[in-house]
Each structure stands twice: as structure tokens, then as C-alpha cells.
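Working notes, structure below.
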Amino acid sequence: MKRIKAWKIVCMALIPVVLLLIGTVVFRGFSAKEEEAIKIGVVIYRGDDAFISSMAVALEKQAKLVGEEIGKKIILNLVDAKNSQGSQNAQVDTFISGKYDAICVNMVDRTVASTIIDKAKEADIPIVFFNREPVEKDLLIWEKTCYVGTDAREAGKMEGQMVVDAYQDAPEAIDKNGDGKLQYVILEGEESHQDSLIRTEYSLKTITDSGIEMQRLERGIGNWMRSPAYEQMLLWLNRYGDSIEVVLSNNDEMAMGVIEALKEKEMLEEGPLIVGIDGGKDAKEEIRQGHMQGTVVNDADGQARVIIQIACAYVQGRDPEKEVPVLKGKYAFIPHYTVTKKDLKE
Ligand code: GAL
Ligand code: CA
């Protein structure tokens, strides 16, 4: 009886020692692993932008996948600048002082990237810009920096081509008043964004180059967002009624605003032909229901993959151009593709 008690006391006394030992081993192992991992800081321009939030999801996913492929854990820390360049600069500073291995930046104001690049260069931290393209002069400041995005000209051409195809299929269904011209309105993204102007120009040019006459009724800036587009479209519907035959939208979110306005006016079923860009989930649903003609897919996964691959190559001292064929010099442009109803049926 006495012996059992003595043993019990010894065992009890040993428990904290054992726990401490296990604790030390586990903690040491974990921190060593953290040390070994590639730490990537990501800052997005605003998290309430639908496409950018899909980029955030894609980046998390690709960090896992690319990490498995290169046999390294990748730790991704993603923060939101909430459309403030000042906050974004401070967030990058925090990544630099926190000794992150690489930083990925979705600029708030794409014209002021040099401030960030100068600091990253001084700290020898590679920096991959995405979606909002810095000016070339700035990208040339630092060898370990580049831009990943899409070719806005290509997006514009594909968007325009969807209108051309639909018109050639059934001209009378689109040119409803039969005057041989397409009366249209256009919704544009931010004025300072490289994609807005170019998408607008090329979608229109593709349609007119095919011989279709276009007549603009209105243009409006919707800043990529649903609600300003909805407000604009309500105004335009009050002004023009059903004489709007085509809606060109620089992205899908604004097209969704247009659809909401049409719904509210009970004009959606016989409504104008609508095209957008991004390939968002909601847009695909509207395409399936026949409310929208089509979208040009802005491949978030494809871009995220290349962003992570390039960042890791820089960190591990390899030449990203050799590893990522789509990267040419300072630029990697990920191809677009279109989605119309027939693509969704398959
Ligand atoms: C574009 C995208 C827009 C918006 C914008 C933000 O590529 O089509 O929906 O997200 O980027 O910079
Ligand atoms: Ca017409």
C-alpha cells in the first residue's frame, strides 16, 4: 500500500517534467518549421471588390498547391488596404520589418509604386505586383520585381466579339428598332485603372471593325462596383426606356448592377444584350438564365498560381523566367477565355 502511494507520488511529480519536455520539443519543432517556411505578405487594394476577393481565395489555394510542389510550407498573410494608399504603404512596411521573404502588392494607386519598390529593394525583398499595373519605369528600379495581370486589349476584343457573334446569329433580336445601328450604354471601371480605358476601346473597336454601326447613348463610371452601376442604369432606363439595345460593361459586377436595375423595372426578360468581364459566379448564373450574353474570364487561379511561383523562385534564388514560361521580362499576362450559355451547358 505504502509502495503504491510512493510510486504514485513519483509519477505525479514527473508529469509536469514530461509535459515540459514534450512542450519544448513540440515548440522547437514548430518554430524551426516556421523559420523554414516561405513567408509571403499579400496586400490587396480593397477586399470588397468581388474579383479581388476571388483573387484572395485563389492565392490561399495556390500557396498550398505550389508549396506542396516545391516541398516547402508557404505561409501567406493577406491584408486589405481598404482603398487607402497610406494604409497600404504602412502594411508593406510591416511586412518588411517582419522579415517576410516576399511581398505581393495589388496597388491602391498604381502610379506610386516606386515608394514601395525602393523600400523592398533596400531590404532585398522581392515584390510581385498584380492586377493593378505599375508604370514600367518603376518596375525597372529593382530586378526582383515584376507584374502579373491580364491583357486588357484581349479582354476588350473578346467582349466585343461576343456582341458580334450574337448579332450575326440574330440581328433582329438585338437591333430591336431595326435602324441598322446598335444603341448602347457603357459602364466603365475606375478612370485611373489601366484596364478601363483599354477594355472600353477594344470592345467597341471590335464591334465596329466587324461592320456593325454603334450609337452611344450614355457612358458612366461605376468603379467596378455593383451599386453605382445599378444607380446609373436606373437613370438611363428612365431616360431611354427600352431603346437601350446593348450594355457593354468593363466587368461583371457592374453588369450585375445593370441586371438589378432591369429587374426592378421589370424589363429584364426582353432587355438589352449584356456582356461583362471576370467570369464571376453571379455572372455565370445570369448567363445560364439567359439574362446576360456572356463574360470574359479573368483567370484568378491562373494569375494566383503564377504570382506564388514567381515569388518562390525569387526567394529560392532561381530565375522565375525559366520556371514560369508566361513571364516575359517584367510582365506575365494570363490569357482570357469567354463563357456564353453554350459553354455552361457542357
Ligand atoms: C480588374 C477586374 C475588376 C476589378 C479590378 C480591380 O481586372 O476585372 O473587376 O477587380 O481588376 O483592380
Ligand atoms: Ca437599333
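In segment 126-156, the residue that is farthest from the chain's Cα centre (by Cα) out of those that are over 28 Å from residue 41 (Cβ atoms) and buried (at least 23 other Cβ atoms within 10 Å of the Cβ) is 156. Can you say whether residue 142 is without any contact (Cβ under 8 Å) to a residue 60 or more places away in the chain, of a type in the set (A, V, I, L, M, F, W, C) and in contact with an Asp or Glu (Cβ under 7 Å, 6 or more places away or on another chain), as far as the supplied structure shows? Taking the combined requirement at face value, the residue does not satisfy it. For segment 72-89, give me the residue count where each residue is surrounded by fewer than 17 Cβ atoms within 10 Å (Cβ to Cβ), out of contact with any Asp or Glu (no Cβ under 9 Å at 6 or more places or on another chain) and among the small types (Gly, Ala, Ser). Looking only at that region, the number is 2. Residues in segment 90-110 that are in a helix (DSSP H, G or I) and either in contact with an Asp or Glu (Cβ under 9 Å, 6 or more places away or on another chain) or crowded, with 18+ Cβ neighbours inside 10 Å (or both): 91, 92, 95, 96, 110. Would you confirm whether any residue within segment 168-188 is of a type in the set (Phe, Trp, Tyr) and within 27 Å of residue 41 (Cβ to Cβ)? No, there is no match, as no residue in segment 168-188 is of a type in the set (Phe, Trp, Tyr) and within 27 Å of residue 41 (Cβ to Cβ).
Select from segment 38-91 the residues that are more than 20 Å from the chain's Cα centre (by Cα) and among the basic types (Lys, Arg) and list them in ascending order. Correct list: 39, 72, 73.
Residue-level check: of (1) surrounded by 16 or more Cβ atoms within 10 Å (Cβ to Cβ); (2) within 16 Å of ligand 2 (Cβ to nearest atom), residue 173 misses just (1).
One residue stands out among those in segment 218-263 that are over 23 Å from residue 193 (Cβ atoms) and basic (Lys, Arg): the one that is nearest to the chain's Cα centre (by Cα), which is 263.
In segment 339-346, is there at least one residue being out of contact with any Lys or Arg (no Cβ under 6 Å at 6 or more places or on another chain) and in a strand (DSSP E or B)? So far as segment 339-346 goes, yes, one or more of its residues are out of contact with any Lys or Arg (no Cβ under 6 Å at 6 or more places or on another chain) and in a strand (DSSP E or B). If you check every pair at least six apart or on different chains, which have Cβ atoms under 9 Å apart with a residue in segment 242-256 that is away from ligand 2 (no atom under 16 Å from the Cβ) first and a residue that is part of a loop (DSSP other than H, G, I, E, B) and acidic (Asp, Glu) second? Here the result reads 253/49, each pair linking segment 242-256 to a residue that is part of a loop (DSSP other than H, G, I, E, B) and acidic (Asp, Glu). Of the residues 221, 186, 259, 198, which single one is out of contact with any strand residue (DSSP E or B) (no Cβ under 9 Å at 6 or more places or on another chain) and within 16 Å of ligand 1 (Cβ to nearest atom)? That would be 198, the only listed residue that is out of contact with any strand residue (DSSP E or B) (no Cβ under 9 Å at 6 or more places or on another chain) and within 16 Å of ligand 1 (Cβ to nearest atom). Restricting attention to segment 146-170, the residues that are within 15 Å of ligand 2 (Cβ to nearest atom) and outside any helix (DSSP H, G or I) add up to 1. Restricting the search to strands (runs of 3 or more DSSP E) fully inside segment 213-313 and requiring at least 3 residues that are acidic (Asp, Glu) and more than 30 Å from residue 62 (Cβ to Cβ) gives an empty result.
Throughout, read-outs are computed from the coordinates displayed, never taken from laboratory work. Given the structure is predicted, the values throughout are model-derived calculations rather than measurements. With ideal geometry, Cβ positions are generated from the backbone for all residues, glycine too; neighbour counts draw on all protein chains shown.
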